[in-house]
Each structure stands twice: as structure tokens, then as C-alpha cells.
Amino acid sequence: MAPQHSSLGSLEVSGIVALTLGLGMFVLGASAVAVVVFGFLSAGLVSLGRARARGWSADRLGVTTAFLVGAGLFAIVGLAVARLAGFFVVGFVAWFAWRIGVGRRVRQL
């Protein structure tokens, strides 16, 4: 098992705090978009902490996170421009890019 870094606990605590804030905002009547953003932030922080605990390098985490954030932003743009069809087209292109080269490169890191 890989040695645990001191920042791992703080990543998971930050994720739990983000989830709690998102749920609190939902209860207080915030918009669904804000609650979803806090939910994704929470899941991302907890996932980063768990990946680091399993021995993922900083390079591997960085490339994977950058790819996922970029794909998410392009999916939002695709959804705004061409509704559901644009969302699926961007999603397919992101999946294809991952399968062709990015995923292989990340596994090498």
C-alpha cells in the first residue's frame, strides 16, 4: 500500500464540506445548477483523495482531471449550442479521444 500523504485527508474533508454546502443550498432553495456544481466538486475532491491513496502520481491525476474538466466544459457548450444532440456528439468525441490516445498515455504515467 502506498504511503498516505497529509493532504489526502484534507481533500476528502473538503469534498465532504462541499457536499454539505450543496445540500444546505438545496434545502435553502438555491438553484439546481449551484447544487450540481457543489455535488461535482465534492465527488471530484473525494475521488482525487482516493486516487492519491492508491498511488496515482500527480502527473496522472493532472492529465486525467484536465481531460475530464475539458470534456465537461465542451459538453456544456455542446448542450448550449445544439441541445441534446450536441451533448452526445461532444461526449462521443471525448470518449473516442480517450480510447485512441489519452487513456493509454495516462496509464503509462
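Coordinate-derived values only; no laboratory data. Values in this document were obtained by computation on a predicted structure and should not be read as measured data.
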Could you tell me what % of all Cα pairs in region 57-109 have separations over 13 Å? 58 percent
For the chain, just list the percent of Cα-Cα distances falling in each 5 Å bin from zero outward, please. 2, 12, 15, 17, 18, 17, 12, 5, 2, 0
Output the relative contact order of the chain, whole-number percent, from Cα pairs under 8 angstrom with separation of 6+ residues. 24 percent
If I stretch the segment between VAL17 and ARG107 completely, what's the gain in nm (0.36 nm per residue apart, minus their alpha carbon distance), one decimal? 29.3 nm
